[in-house]
Amino acid sequence: MSASWKQLLSQVLLLLVSCRHVNTKTPSPTAPALAPLPTNVSSVVLKGKSHTENIQLLNPVNLTLVCIWTGHQNTAPNITGHWRKDGEEIQSSRRSVQVDSQQYNMTRVFSIDKEENLGNYSCVFGDEAKIDFILAAPQFDEDRDKPIISYVGDSVGLTCKMANPDPNTWTWYKENGTAKELISAEPQRYEIKNTNNHTKLLVHNLTEADSGVFFCGAVFAIHTTMRPVELKVITFMEPLKPFISILVEVVVLVAAILLFERCQSKKKVPAGDGTTADQKNMLPQGDDNASEGSSSMRQRKV
Amino acid sequence: MTKVKSESESRSDEAEGPDGGWGWVLLGALFISTSLVFGLMRSLGIFFVEFVQYFEESAQAVSWISSTGLAAQQFFSPLGAALCNAYNARLVVMAGGFLAGLGLILASQATCLAHLYLTMGVISGLGWGLVFTPMVATVMASFTRRRTLALGLAFSSIGLSSFAFNPLFQLLVEMYTWRGALLILGGLSLNIVACGALIRPKPRSEAPAKVDPESKSSCVAQLQRVSNYLELSLLFERPYVTYTLAISLLNVGYFVPYFHLVAHSRQAGFSEYQAAFVMSAAGATDILGRVVSGWFADLHHFRLIHLLSLWTALAGVFIMLLPVSSLSGSYIALVVIGLLYGFCSGALTSLAFAVVPMIVGVERMMGALGLLQLIESSAGLLGTPLSGLLKDITGNYMASFMVAGSFPILGTLTMATLPHYFSCTDPPPPQRRSLGDKDKGLNSELEQMNTLPSDISDKGGE
């Protein structure tokens, strides 16, 4: 637990955008009367009109978001700011923000303890500036968009990797209509091999019904990140079709070549003998054996 | 009298056949079959990734598949040549194409790595060995004046087809996985059978002539026949042995840049893409070099052996310069040397085979090529491990490239010991128990003018 907390802290430190990061007051946990959650702070200084900050969370946490806006030339003494979650204004978050040494400062503590609490939080300064904080569990690297193909009766391995951080555990689901069915190991059918940072689902004795989308889930305390892996099971007929067509093409070619040659040779045969005879006559040789052989050799291709 | 006879022979030969007509059709067949043999071999890397994943074996174990295939192709080359001498080039090539396709088709059903070694390695390798040497020898016999150009055009297919096959194989693997892709490749390889069908069968009355009527036991007679077909007697002739030695020395250094250039470029501080680009650029000039050198050689301004020596020596020099150019850290220098090296290495491949009939005569060319392939390839196996060893000892690639570059230069020096090397015209190629020119072309006409009648009747060459 402490290891992942340290990890989160170091990540947050890396997230700070400006050199002049300003740490505001240390917030006190405002979690309800459950087990106290760890606290963390993310602070962003905005100089322009908008900014987006990605925050990766593994575990439930009380997160303080600090927005500091340096305003523009005509800095009014106060401005109305509010917070939004996923685009919708959070109730009773609207308040008046005073200028404090050329800066507007909005701070709010959020209790992120469930999956639903992840999302896109924004602090909005009037109509003029906005900072987005995207709170999410660790995501996978790019999806593999090409389906994995395998044959009926064969076995296939579906893999998922997540480099950092390592998930607590892995789960696999198969899409069934709109629902996801959990896959558990079955002999001769499903086999799950897990290591810290990658997982492999082996499906044996494939049938065409096994085609579909599988989901591998990287389980974190806060949320399970899913990734789709498409499996397509085909019969051996599929590649057999182009193969047969190529086979037919080869047979046709060979037959055509041989037939063509037969037709040609029928025309050529009388002339051919004549030239051969001429060649032989022209070479009186010392060694008898070689002469005929060598002359026919010479005019022929090897 | 001999002079008159030779002239009329040469005239009738030129009118007779080679250098045109069906020769170009055979060249097309060679183009396709070479691309299906070597172009395919070079693009098998795409399958290896799939094999590593599917069979859960190491990359090294999987790479043995292509090593086995290549070794089998080279090992069975003399066999292919001997079978052509004994029977019929057409049958041999068609059988070879069938075997090559069969190997890949069977490989698609493999359930373990050993199956792949047997099918893709041995069976397909045997098929490829039965295809390549006979087709090359057939085409070489069909051309005389434009022989080198024909070879250059045909061998350019290797580079071009590996360009085309890489994306094609990737697509096939994505659509059908490796099993389906291998099945389809097997079908494609069967096209070699069609290429072989294009060879017009020739009546070989030579065969009975070769075998002296023996009163000894048939076993000895059989052995003698076999050794005749394999042209083993060539191994006792100095010119052939010299030439084979030269080409083997060349082979030791020839492949080193292909294996180590990327690693060396990375070590010199260039990025992955920069290193890969140098290799691609060298590959492109390789194709260009093959065609240009073939065309240039057939202008007949210089003897083929001199041109070959030039390209070989230059290739050796550029191999040596490769690490030197990157010493200064200049990427441009590395690219330029890489381009030049690619050009020279392509240029020499067109000529390496074309010189053989000049040394051994056209009728022994088939067996000579087979033996040459076998011997030169075993030398090639030494080069890469040696350079790897040098790199491990010294820590960088400077020594490996220097040593590798010195081998082609040694090869050039060895070539210089060939008889009649320093004369300006080609000597008459050796005749086997017959008079008259075997090797046609401008050279033979020069010979008529320059050489004495006694030379022509000198059997067995030098």
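Only one of the numbered conditions (1) assigned to a helix (DSSP H, G or I); (2) open to solvent by 20 Å² or more (accessible area, probe 1.4 Å); (3) more than 29 Å from B:MET398 (Cα to Cα) is violated by B:ILE305, and that is (2).
A:VAL99 meets each of the listed conditions (1) modelled with pLDDT of 80 or more; (2) assigned to a strand (DSSP E or B); (3) open to solvent by 20 Å² or more (accessible area, probe 1.4 Å) apart from (1).
Quick check, is A:GLN264 within 30 Å of B:PRO201 (Cβ to Cβ), surrounded by 16 or more Cβ atoms within 10 Å (Cβ to Cβ) and at pLDDT below 85? Can you show your working first?
On the way: within 30 Å of B:PRO201 (Cβ to Cβ): yes; surrounded by 16 or more Cβ atoms within 10 Å (Cβ to Cβ): no; at pLDDT below 85: yes.
So A:GLN264 does not fit the description; no.
Any residue that is modelled with pLDDT under 90 and open to solvent by less than 30 Å² (accessible area, probe 1.4 Å) - is there at least one of those in the stretch B:88-96? Within the stretch B:88-96, one or more residues are modelled with pLDDT under 90 and open to solvent by less than 30 Å² (accessible area, probe 1.4 Å). What do you reckon, is B:ALA100 open to solvent by less than 20 Å² (accessible area, probe 1.4 Å), in a loop (DSSP other than H, G, I, E, B) and not assigned by TED's automatic domain parsing to the domain that holds B:ILE375? So B:ALA100 does not fit the description; no. Once the stretch B:219-277 is narrowed to residues that are charged (D, E, K, R) and open to solvent by less than 70 Å² (accessible area, probe 1.4 Å), the residue that is farthest from B:LEU327 (Cα to Cα) is B:GLU231. Being more than 14 Å from chain A (Cβ to nearest Cβ) and either open to solvent by 10 Å² or more (accessible area, probe 1.4 Å) or modelled with pLDDT of 75 or more (or both) is true of B:PRO385.
Each residue in the stretch B:293-302 was checked for being assigned to a helix (DSSP H, G or I) and touching a helix residue (DSSP H, G or I) at 6+ places or on another chain (Cβ under 7 Å), and 4 pass. Whether a residue is within 29 Å of A:ILE192 (Cα to Cα), away from chain B (no Cβ under 14 Å) and part of a loop (DSSP other than H, G, I, E, B) was assessed, and A:ALA76 does not pass this test.
The values are calculated or read from the model by the stated rules, or taken from the named source; none is laboratory data. Fair warning: this is a prediction, and the values are worked out from it, not measured in the lab. Please note: Cβ atoms are built from the backbone with ideal geometry, for glycine as well, and neighbour counts cover all protein chains shown. Remember, those area values only see protein heavy atoms, side chains included, never the ligands or the DNA or RNA. Shrake-Rupley method; radii C 1.70, N 1.55, O 1.52, S 1.80 Å.
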